[in-house]
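Here is the structure we will look at, set down as C-alpha cells.
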Amino acid sequence: MATEKENTDSQNLFRLLPSVDEFLKLPQVVKFAETRSHSSLVNAVRVVLDKWRQGISEGKIHSVDTDALVDDLRKLLHELDLRSLRRVVNGTGIIVHTNLGRSLLPSSLEQQLKEVAFHYNTLEYDVEEGERGSRYVHVEGLLRELLGVEGALVVNNNAAAVLLALNTLAKGKEVIVSRGELIEIGGSFRIPDVMTQSGAILKEVGTTNRTRVEDYTGAIGENTGLLFKAHTSNYRIIGFTQEVDVGTLARIGKSHNVPTMMDLGSGVMVDLALQGIDHEPTVQEVVNAGVDIVTFSGDKLLGGPQAGIIVGKKAFIDAMKKNPLTRALRVDKLCLTMLEGTLRIYRDGNPMEMIPTLHMMAMPMEQLEERANRLNDMLSTIKDVNCCVVQVNSAPGGGSLPGQQLPSFGVSVEVGSMSEVELERRLRQRDIPIISRIVENKVILDVRTLLDEDFQVIFDALQDIVSCV
Ligand SMILES: *Cc1c(COP(=O)(O)O)cnc(C)c1O
C-alpha cells in the first residue's frame, strides 16, 4: 500500500492501480470467475478500472485501496447478473399497469404454461388427422362459445387487431368515425395514424362532444368501407354531449349495407356493476348490439396474456385470416396456451376468484383493510420504521374505466429522517424493485396490488434500508 504522501500525487495513483491481469489474479476476483465467462469478467474489470482512472484524473480519488476496487467490481457484477426483465412489487394500486406488465396470469395456469413451454406441443398439429393444423383453433371455439360469435382470430395485441381489421375491411376506402372518438392510447396508438397505416381513409364526422345519426348517414357514400366506433378508454367527454350507441351504429350499417366495427379496448367479459364498480360495456353486450367486428385486448380487464382478440362475422374473420399481415402479427404458443387457459376459466371456473385482475378489482374493503393491518403490523416491528394504515384510491389502469377510483387501503411508510423521495428511490432500486407512490410527501404502498408473498419482500427491504442509514 502506498503512503499518504505518495497517494496525493495523481501520477503515483495511476501507477498504484493494478493492471487488468493483476486485478484478475486477486484471490477474491478469481472466485468471481467461477460463475461467469472470462470475457464478461474482463469487461467488468475494465469498467471498474476506467471508473477509477477517471476519478483520479478528476481529483476525486485520493488513495488506491484494493478492497474498495474489489467491492466496486462485486457491485458491478451483481448489477450485471440481475435479469433486465424481472419481477417487481406493485405498490401503486394501479391494477392493469402497462409499464409493470399489465395483467398477472392466473396461477392455476402454471402447470399448463410449463408443459407447453418445455415440451413439443400441438401448436399447429392436428392429432386426429396426423397433419398440419391451425394455431388459431385452440381459442376460436372457446371464443365462439363464450361470446356467441361466428368467428374469432387472435393477433399480437389490440393495436394489431385494429390495424388488421381496417386493412382487411377498408383498405383504400373511407372509414367513418366520430370526432369524439379519435382516441390516443399512450402515445404510440392513435386512431388517425393507425388508419393511415392500414391504408384506410379516415372520414371524421360530428363534433368533439356531439355526434348524431345523421352525421353517419350523411357521410355514407360509394367509397364507404366501414363505420367505426372506438371505446374512449382513457378519457370521458362530459356535459353537453351526444353519441350514437353501438346498437344504433350497427343498425345504420345494416340498412346501408356497410360493415361496422367497434374497438372496445379493454374487453371485459363479466359485469363489473355486480361488483359495485361502474358499468363497463362487456364484449357480450357489444357483440349482441349487432356490430360486425369487435376487437379488444387480452391483457387488460380480460386478465389474460398480451393479445388482440377479433370476434364477429365469419366472412370478415375469414378474410382477415387470409390477409398476409396476419402472419406478421401472429401470436406465439405461450400466448395461445395462456389465452386458452384464461378463457377456460371464464367457461368452467370462477373468473372473479381465479383471474388476478378481476380479483384485485373486486377485493372487498374489509379484506383490503385486513391486509393493510397485517402489513402494517409486520413493518412496525422494524426499529426506525414509522408506518400507519391509510385510506387511498386505487385505479383500474390500462386505459379502462376512466375516472373510476376504487377506494382502498395502504400503508404509509417513513424511515427515520429519510426524505420520501430518497425512500421511494431506495425501494425502487432493490433487486426486486418495490414500486410505491408518493402521496402528500409520504411513501404509500397500496395493498390492492400487492401479493401476499410481496409482504416479506417489503419487510426485508425496509430492514435492509434501515440498517444502511
Ligand atoms: C388499450 C387500447 C388499445 C390498444 O390495445 P393494446 O392491446 O395495448 O395494443 C386500442 N384501443 C383501445 C380503445 C384501447 O383501450
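Among the conditions (1) outside the structural domain of ILE94 (by TED's automatic domain parsing); (2) surrounded by 21 or more Cβ atoms within 10 Å (Cβ to Cβ), the only one that GLY398 does not satisfy is (1). Would you mind stating whether PHE459 is more than 16 Å from the ligand (Cβ to nearest atom) and crowded, with 19+ Cβ neighbours inside 10 Å? No; evaluated as a whole, the condition is false for this residue. Scanning segment 264-304 for residues that are over 17 Å from LEU146 (Cα atoms), of a type outside the set (Gly, Ala, Ser) and in contact with a Ser or Thr (Cβ under 7 Å, 6 or more places away or on another chain) yields GLU280, ASP299, LYS300. Comparison of ARG347, ARG330 shows that the only residue that is among the basic types (Lys, Arg) and in a helix (DSSP H, G or I) is ARG347. Could you tell me whether any residue of segment 245-263 is in contact with a His (Cβ under 6 Å, 6 or more places away or on another chain) and either over 24 Å from ALA159 (Cβ atoms) or within 15 Å of the ligand (Cβ to nearest atom) (or both)? Within segment 245-263, none of the residues are in contact with a His (Cβ under 6 Å, 6 or more places away or on another chain) and either over 24 Å from ALA159 (Cβ atoms) or within 15 Å of the ligand (Cβ to nearest atom) (or both). Answer yes if at least one residue in segment 240-247 is on the phi > 0 side of the Ramachandran plot and either out of contact with any strand residue (DSSP E or B) (no Cβ under 7 Å at 6 or more places or on another chain) or in the same structural domain as LEU343 (by TED's automatic domain parsing) (or both), and no otherwise. Within segment 240-247, none of the residues are on the phi > 0 side of the Ramachandran plot and either out of contact with any strand residue (DSSP E or B) (no Cβ under 7 Å at 6 or more places or on another chain) or in the same structural domain as LEU343 (by TED's automatic domain parsing) (or both). Considering only segment 205-215, I want to know if a residue exists there that is surrounded by fewer than 20 Cβ atoms within 10 Å (Cβ to Cβ), within 16 Å of the ligand (Cβ to nearest atom) and either in contact (Cβ under 8 Å) with a residue 40 or more places away in the chain or not hydrophobic (A, V, I, L, M, F, W, C) (or both). Among the residues of segment 205-215, not one is surrounded by fewer than 20 Cβ atoms within 10 Å (Cβ to Cβ), within 16 Å of the ligand (Cβ to nearest atom) and either in contact (Cβ under 8 Å) with a residue 40 or more places away in the chain or not hydrophobic (A, V, I, L, M, F, W, C) (or both), which makes the answer no.
Applying the condition of being assigned to a strand (DSSP E or B) and within 16 Å of the ligand (Cβ to nearest atom) to segment 381-404 and asking which residue is nearest to VAL415 (Cα to Cα) yields ALA395.
So which residues in segment 409-465 are of a type in the set (S, T, N, Q), touching an Asp or Glu at 6+ places or on another chain (Cβ under 9 Å) and closer than 26 Å to ARG83 by Cα? Answer for segment 409-465, where residues must be of a type in the set (S, T, N, Q), touching an Asp or Glu at 6+ places or on another chain (Cβ under 9 Å) and closer than 26 Å to ARG83 by Cα: just SER436. Screening segment 86-144 for residues that are on the phi > 0 side of the Ramachandran plot and crowded, with 20+ Cβ neighbours inside 10 Å and picking the one that is nearest to the ligand (Cβ to nearest atom) gives ARG102. When we screen LEU169, LEU153 for residues that are within 30 Å of THR337 (Cβ to Cβ) and more than 16 Å from the ligand (Cβ to nearest atom), the only hit is LEU169. Inspect segment 372-394 for any residue being at pLDDT below 95 and in contact with a Pro (Cβ under 9 Å, 6 or more places away or on another chain) and give the result as yes or no. Among the residues of segment 372-394, at least one is at pLDDT below 95 and in contact with a Pro (Cβ under 9 Å, 6 or more places away or on another chain), which makes the answer yes.
Hey, GLU140 hits all of (1) touching a strand residue (DSSP E or B) at 6+ places or on another chain (Cβ under 6 Å); (2) in a loop (DSSP other than H, G, I, E, B) but one; which does it fall short on? Answer for GLU140: the failing condition is (2).
Take GLY304 and tell me if it is touching a residue at least 40 places away in the same chain (Cβ under 8 Å), within 16 Å of the ligand (Cβ to nearest atom) and in the same structural domain as GLY253 (by TED's automatic domain parsing). Answer is yes for this residue. Taken together, THR342, THR295, THR282 contain a single residue that is out of contact with any Asp or Glu (no Cβ under 7 Å at 6 or more places or on another chain), within 15 Å of the ligand (Cβ to nearest atom) and among the polar types (S, T, N, Q), which is THR342. Can you name the residue in segment 184-237 that is part of a helix (DSSP H, G or I) and in contact with a Lys or Arg (Cβ under 7 Å, 6 or more places away or on another chain) and, of all such residues, is farthest from LYS254 (Cα to Cα)? Only one residue fits best here, namely SER198.
Per-residue answers, yes or no, for (1) touching a helix residue (DSSP H, G or I) at 6+ places or on another chain (Cβ under 6 Å); (2) among the aliphatic types (A, V, I, L, M); (3) surrounded by 18 or more Cβ atoms within 10 Å (Cβ to Cβ); (4) at pLDDT 90 or above:
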position	(1), (2), (3), (4)
GLY172	no, no, no, yes
SER198	yes, no, yes, yes
ALA219	no, yes, no, yes
THR241	no, no, no, no
ARG251	no, no, no, yes
LYS254	no, no, no, yes
LEU264	yes, yes, yes, yes
MET269	yes, yes, yes, yes
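The values are calculated or read from the model by the stated rules, or taken from the named source; none is laboratory data. The shown structure was predicted, so the numbers you read here are calculated from the model rather than taken from an experiment. Counting neighbours? That spans all protein chains shown, and the Cβs are built from the backbone with ideal geometry, glycine included.
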